[in-house]
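None of the figures in this text is laboratory data; all of them are computed from the coordinates on show. Only a predicted model underlies this, so the values are computations on that prediction, with no experimental measurement involved. Cβ placement follows ideal geometry from the backbone for every residue including glycine, while neighbour counts extend to all protein chains displayed.
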Amino acid sequence: MRAGSGVRVVRHSDRRRRARRRRVLWGGGEVLVTVGVVTLLLVVHQLWWTNREARRGAERKVEALEREWGSGGSGGGGGSVPPAEAPSPSPTAAAPASTASGSGRSGASRRPYVPGTLPRSSQAYAVLTIPRLDLRVPVAEGVSKADVLNKGYVGHYRGTQQPGQAGNFALAGHRNTHGEPFRYLPRLRRGDDIEVETRTATYTYDVDTVLPRTSATDSGVVRPVPRSLVRPSYGYAEPGYYITLTTCTPEFTSRYRMVVWGKLVSMRPR
């Protein structure tokens with residue numbers, strides 16, 4: 001082709017470079033799409049599937065406990081001081097720093113919980129009901145993630161008191177994923193009812209104080225006389241019959257803990 005004719009000469013090497021560039025861009029786009037789909041599936045699994053499965057499992061466990069209690073004997077009686085559901089454990093309370101302490105015992109007997117004894121690790125033995133939150137979930141011994149919390153249950157801090165005992169009945173639950181029973185804990189207000197049902201009685205606590213945020217290692221909140229070690233203006237100075245609900249805050253993080261305290265106001269035998 002003559003020079004100066006104004007027609008550009010396209011070399012084969014230019015076409016090859018453009019083809020390679022298109023292949024690289026196409027391949028990169030496929031990788032990004034694949035990563036996006038996988039990420040979306042993981043999010044769906046965490047935010048939807050784990051909630052669905054945990055809630056169904058928790059509902060079945062509540063139904064199983066109610067059948068068990070209905071087929072067995074009931075006991076308990078009134079009095080000016082509510083009866084203890086189990087012997088007082090050691091006064092050293094478990095710190096709320098981790099939601100993975102404790103573990104289940106695969107070979108443990110599956111016998112029903114008997115009032116007057118300590119529940120086995122990971123054993124569901126009570127039902128927590130919070131009318132304002134439309135919540136009704138099992139309470140199991142310990143705060144193991146795999147054996148308790150990830151099943152959608154609420155976990156009882158080992159070393160704290162049992163329902164109806166003088167001291168502090170302290171519980172933990174997920175705020176997000178795996179049933180997220182405590183997701184709406186910030187909606188609780190002073191005077192709201194918190195009910196704990198066992199084989200022998202139903203204990204009603206009234207919400208008294210809300211600690212919006214404290215350290216994940218603030219063990220004072222689960223002591224027999226609960227008081228925050230980080231924010232000492234929150235808590236109590238006198239012995240009493242307390243319940244403590246703890247969960248992670250802000251949502252989708254585990255950096256801090258939110259705490260709700262209540263006081264026992266009544267006990268109703270079954």
**Asked** Which value in nm describes the separation of the simple spin-label points at residue 20 and residue 263, placed 7 Å from the Cα toward the beta carbon?
**Response** 7.9 nm
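What is the packing order of peptides 50-58, 140-148, 229-237, taking the mean over residues of other C-beta atoms within 10 Å and listing the highest first? Before the final figure, lay out the partial values.
Working: 50-58: 17.4, 140-148: 23.1, 229-237: 13.8.
Peptide ranking by packing, descending: 140-148, 50-58, 229-237.
What full-extension length gain, to one decimal in nm, is calculated for residue 187 and residue 252 as 0.36 nm per residue of separation minus the Cα-Cα distance? Let's see the in-between values first.
On the way: separation 65, 0.36 × 65 = 23.40 nm, distance 1.71 nm.
Additional length available on full extension: 21.7 nm.
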**Asked** Between residue 71 and residue 53, how many nm apart are label points set 7 Å from Cα along the C-beta direction?
**Response** 2.7 nm
